[in-house]
Amino acid sequence: MNLIEIQDRLKQQVRASALELFGVELDQVNAETPPRAELGDLAFPVAFELAKLVKQGTGVKLPPRTIAEQLKAKLEHSPEVDRVEVAGAGYLNVFFNRARLLALFAVAKADPEGVPSPLPDRPKKMVEHTSINPNKAAHIGHVRNAVLGDTFVRILQAADERVEVQNYIDNTGVQVADVVVGFMHIEKMNLDDIKALDSSLPSERPFDYYCWDLYTKVGLFYRDGNPQTEPNAERLKLRTDVLHALEEGNSSTAALADYVATRNVECILDTMERLEIRYDLLARESDILHLHFWDRAFELMKAAGVLRLETEGKHAGCWVMPFESHTGTDEHESDKIIVRSNGTVTYTGKDIAYQLWKLGHLGLDFNYKPFRAYPDGHIAWVTTTEPNSEMLPEVPRPDFGSGVKVYNVIDSRQSYPQEIVARGVAAVVPEVGADSSTHLGYEMVALSPAACAELGIQLSDADRARPFVEMSGRKGLGVKADDLIDRLEADAFREVATRHAELSIAEQQETAHQIAVGALRYFLLKFTRNSVIAFDFKEALSFEGETGPYCQYAAVRANSIFRKLGDEAAAAVAALVDDTSGKPEMASRVSEPLAGESGTEIWSLVMLAERLDEVIALCAASAEPANLAKYTFTLARAFNLFYHRHRIIAEQDETKRAVLIAVAQIARRRLTSALATLGIAVPERM
RNA sequence: GCACCCGUAGCUCAGCUGGAUAGAGUGUCUGACUUCGAAUCAGAAGGUCGCAGGUUCGAGUCCUGCCGGGUGCACCA
C-alpha cells in the first residue's frame, strides 16, 4: 500500500461520514499537505465546504469547527492513523502512525530506475518532440523542446503509460531548401562534392555546424549580400525551384537534399544522445507526401464537410477551414487556408494528415526501416516509401501509430496552427474529439543581453532596449547545443579531476558527462513551460544551488552511506519491519525516534519522499515537468538537511540507527527514481 | 483591431483543482569542515503579489476594467 492509496481510503471515509452525519453527498474530497509538518501529515479543509452545504440544505448554521470535531472521531479508527486534530478555523489534520508506515514504505520494492516493463495491453500515447528542421545544428531552444518532450515521456512511463516517441523530420520544407540552395549556388557543389566535404570536415566542425554557417549565408545571398535591400527575385526563384524538386522527388536535387537532411538528422540525433534522448520513430515529411497521406486526408475532410472551396474574394480557388473563434478584419482573415489556389497543400494540411495517422484514423500507413541502433539494442526507425524495407528479417518491427492520445511538443508561437490541427482532426473523426490532441506548448529560449555580449553579437539599438533577444537560425544567432554541453563537461571535468584524482581519466570523464547532463536538463526543466527562458551562461553553467548537480550530490551522499553500511542496512531494515509487526512493545520503541519535534523533522522527509507518485501523476495530468524538477530539488534539499543533522554511522542506539537507515533508504530510493524520471543519472562519486 | 501568455524579494523564478504566517535559488552580510564528502548546512536582511473594483467564511490564485511587456493572427513552416 502506498501513500496515494492511504489518502484515497481516508477520503472515502470522509465522504461516507459526511453523508452519514450531515446527509451531504460530496463530489470529491480535497486533501492537502499542511504548511508545517507539526500540523500533521494530511489536512482536510472539508468542514468549510460542509458548513456551506449544510446551511444551504437545511438552513442550520453549523460552525466549521463543530463539523470537524464530529468527522474527527470517525477518522481516528483507521489503522494508519495515529490521531486527528482540529486546527485553525476548522481544518481536520491527520497524523499517521509513523512507525507502522515507516516499515510499510521501507519494504516497498525499489523502482527499476524509471524504466518500467512494457505494457502492451494499454492504449498508446504518442509524444512528438524535437522535430528540428534538418538543415543545421541544434541550438538550446531546440534542446528545451527535446528535454521537455523526453522528460514528459519518462513521466508518462513512470505513471505506467505506454508511450511512442516520434520526431518529425521536415525534410521537404523551406529551411532544407535554403541550405540546398547554399550548397548548389553559393558553394557550387554537387552531391559528390558534398560527400567529399563531409568526410573531410574536422570533428570540431561537423556537418551540422558547416550547415549552420552556410544557412546564414543563404539569407544574405537572396539579398545580394546586403541585409538592408529587398530580396532578389531571381535568386528567390532558386528556392522555389528547389522546393518544387523536393516535393516531386526522383531528381538529383532531391537526392542532394536527402543527403543533406539525413546527415543533419544524424548529427542532431548524436547531440540528443549525449542528453539521453532517444526516439522510436522518425516520421519524414517526404514520405507523407509521396505516400499520398494528404490526398486521403483531403478526401476525409471534404466528406466530413470541414473544408470550403472559396469561389470569390482574395481566397478564390483555395480550400479553407472556417475558424469562427478568430474574428476577421481587413488585414487578418478568420479562415485558415489548407489548400492553396495552385493546388498545393499548406503545412497545416500536412499536419492534419499526419495527426490522423497518429490516431489511427487515416487508413494508410508508412513503410519503415531501421535508422539507428542504440547501445542498449533499442532501434530508432525511420519512415520510407520503399515497401520492401518491411522485410528485414533480423529486426522485429513494432507497430507504429494508432494511439489514443497525441501530445505535440511545439513552441507556443504555433498554438494557432495547432488549434486548427486539433479541430480539423476532431471534425473528421468526431468520436475521438479535440481532447485527443494536446499541444504541449512552451515559450522560447531567448538570449539575455549578457549572453549576447559574451557571444560577441552586435545588437541593434532596438534589440538592446529589449529584455531579451530571440534566437534565430536564419541569422546564426544562438548557442549551439554541442558547444554548451562541451563547456559543461569541461567545467565538470575540472572539478571532478581535483576532487577525485584516484579515478581513471575515463571514469572522470563519465562522471563529468553525467554532471553536465544533470546541469543542462535541470536548468531547462526548472522553468514552467509558459515562462520565457532568458538564457544566461552563468546560470546555465552553475553547479550550485537549485541545479541538477545539487540533486545528484544529495543522492551520491546517500549512496556513500549505504556503501559504508554494507549488509548492515538491509538487516537493520528487516529487523525494524519485524519489530513493528505484532510486537507492540518493540513498535513503541521504533516510534520514539519519530516522536516530538526532532521526530517530526525526520518523519517529514519520509512523507515528502513518499509523495513522488502523487507528483508524477500531477505532472502527467498537467503535462508540466517543472513540477517534478521542483519536487526533486525540494527532496534533495530535505535529504541534505537530514544528512547534516543525523549521523547514521555514529548513532549508538540500535533502534534509532535502524530508523535513520530506513528513512535514508526511502529518501535515496525516491530521489534516485525522481532523477531518473528527469533523465538525470546518479554518478558513483562526484 | 482580435486572440493567447506574462507581471510575486535587488536579480531569476515557484506557488497543486481558491485554504492556515506568500516560498526557493541567486546576490549581500554573518557563522559551521578532525565527522556518512562543504558541489553542503545554519542565521540575518529583503514583499502594497502591476493598479482599481467585484465574487465569499477565505483571493497571489476566480470575474470585470485598466496599465506595462511578450507572442500570434501568411496561398511560410
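Take every DSSP beta bridge whose two residues both sit in chain A, then give the antiparallel share in percent to the nearest 5.
Numbers: 26 of 50 bridges.
Of all bridge pairs located within chain A, approximately 50 percent are antiparallel.
Can you give the convex hull volume of the alpha carbon atoms of chain A per residue, in Å³? The partial results should precede the final answer.
On the way: hull volume 149.5 nm³, N = 686.
Taking the convex hull of the Cα positions in chain A, it is 218 Å³ per residue.
When only C-alpha pairs under 8 Å and at least 6 residues apart count, what is the relative contact order of the range A:482-686, in percent?
Reported as a whole number, the value is 31 percent.
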Longest to shortest principal axis, alpha-carbon extents of the range A:1-108, angstrom:
50, 24, 19
Coordinate range along principal axes, alpha carbons of the range A:180-315, Å, largest first:
55, 44, 29
With Cα coordinates, the longest principal axis of chain A makes an angle with the long axis of helix A:548-565, in degrees rounded to 10, of 50
3J(HN,Hα) from dihedral phi, the range A:427-441, Karplus parametrisation 6.51/-1.76/1.60, rounded to Hz, x for glycine, proline:
6, 6, 10, x, 5, 8, x, 6, 5, 6, 10, 10, 8, 8, x
Would you list, by chain and number, the lysines whose Cα falls below 30 Å from the Cα of A:Lys656, excluding same-chain residues fewer than 8 positions away?
A:Lys109, A:Lys564, A:Lys583
Where trypsin sites (Lys or Arg not before Pro) fall in DSSP loop in the range A:22-55, at most 12 other Cβ within 10 Å
A:Arg36
Name the long-range amide H neighbours of A:Trp381: under 5 Å, sequence gap of 5 or more, or other chain; modelled H, no Pro or chain starts.
A:Leu281, A:Leu282, A:Phe371
Helix axis angle, A:481-499 relative to chain A longest principal axis, alpha carbon, degrees
40
What accessible area per residue comes out for chain A, rounded to a whole number of Å², with a 1.4 Å probe?
45
Measure nothing but the geometry: give the 0 to 90° angle between the long axis through the Cα atoms of A:64-75 and the longest principal axis through the Cα atoms of chain A, rounded to 10°.
80
Please work out, to two decimal places, the log10 of the ratio I(q)/I(0) at q = 0.14, 0.15, 0.18, 0.19 Å⁻¹ from a Debye calculation in which every Cα of the range A:460-530 carries one identical scatterer.
-0.62, -0.67, -0.81, -0.85
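Where Lys and Arg each count +1 and Asp and Glu each count -1, what net charge lies around A:Phe298 among other residues with Cβ under 15 Å from its Cβ?
Details: positive: A:Arg296, A:Lys302, A:Arg308, A:Lys336, A:Arg340, A:Lys350; negative: A:Asp295, A:Glu299, A:Asp351.
That works out to +3.
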Run through the range A:438-506 and list the trypsin sites (Lys or Arg not before Pro) located in a DSSP loop whose Cβ has at most 15 other Cβ atoms within 10 Å.
A:Arg474, A:Lys475
Under 5 Å between amide hydrogens, which residues at least 5 positions from A:Asp82 or on another chain qualify, with H placed 1.01 Å from N in the peptide plane?
A:Phe95, A:Phe96, A:Asn97
Describe numerically, in nm with one decimal, the distance between label points set 7 Å from Cα along Cα→Cβ at A:His378 and at A:Arg474.
3.5
Using amide H atoms built 1.01 Å from N in the peptide plane, name the residues 5+ places from A:Phe535, or on other chains, whose amide H lies under 5 Å from its own.
A:Ala446, A:Leu447, A:Ser448
Given only helices, namely DSSP H runs of n ≥ 4 each adding -39500 (n - 2.57), what is the per-residue ellipticity at 222 nm of chain A, to the nearest 500 deg cm²/dmol?
-16500 deg cm²/dmol
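Starting from the Kirkwood radius over alpha-carbon pairs of the range A:404-462, derive D by Stokes-Einstein at 4 °C in a medium of 1.567 mPa s and give it in µm² s⁻¹.
The estimated diffusion coefficient comes to 93 µm²/s.
By the gyration tensor of its Cα atoms, with a ≥ b ≥ c the square roots of the eigenvalues, what is the shape of the range A:482-686: rounded for a/c under 1.5, prolate for a/b over b/c, or oblate? Numbers along the way, then the final one.
Numbers: a/c = 2.70, a/b = 1.58, b/c = 1.70.
Oblate shape, in that a/c is at least 1.5 and b/c is the bigger or equal ratio.
Which whole-number percentage describes the relative contact order of the range A:19-65, with Cα contacts under 8 Å and a sequence gap of 6 or more? List each step's numbers first, then the result.
On the way: 38 pairs, mean separation 12.9, N = 47.
Reported as a whole number, the value is 28 percent.
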Average Cα contact separation per residue, chain A, under 8 Å, 6 or more apart, as relative contact order %
15
Under a 1.4 Å probe, counting only protein heavy atoms, A:Lys302 has an accessible area in Å², nearest 10, of 70
Euclidean distance of C-alpha centroids, the range A:306-325 and the range A:492-528, integer Å:
55
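With a 10 Å radius around each residue's Cβ, average the other Cβ atoms per peptide and rank A:519-531, A:365-377, highest first. Display every interim value, and only then the final one.
Values: A:519-531: 20.9, A:365-377: 14.2.
Per-residue mean Cβ counts within 10 Å order the peptides as A:519-531, A:365-377.
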On a C-alpha basis, how far is the centre of the range A:179-206 from the centre of the range A:63-91 in Å? Whole number, if you could?
74
Which GluC sites (Glu not before Pro) from the range A:1-103 combine a DSSP loop assignment with at most 11 other Cβ atoms within 10 Å?
A:Glu25
Would you mind checking the radius of gyration and Dmax of the range A:635-686 based on alpha-carbon positions, in Å?
12.5, 38
So the carbon and sulfur contribution to the accessible area of chain A, 1.4 Å probe, in percent, is 50
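The values are calculated or read from the model by the stated rules, or taken from the named source; none is laboratory data. The structure displayed is predicted, hence computed values, not measured ones. When we count neighbours, we look across all protein chains shown, and the Cβ atoms used for this are built from the backbone with ideal geometry, even at glycine. For accessibility, only protein heavy atoms count, side chains too; no ligands or nucleic acids. Shrake-Rupley method; radii C 1.70, N 1.55, O 1.52, S 1.80 Å.
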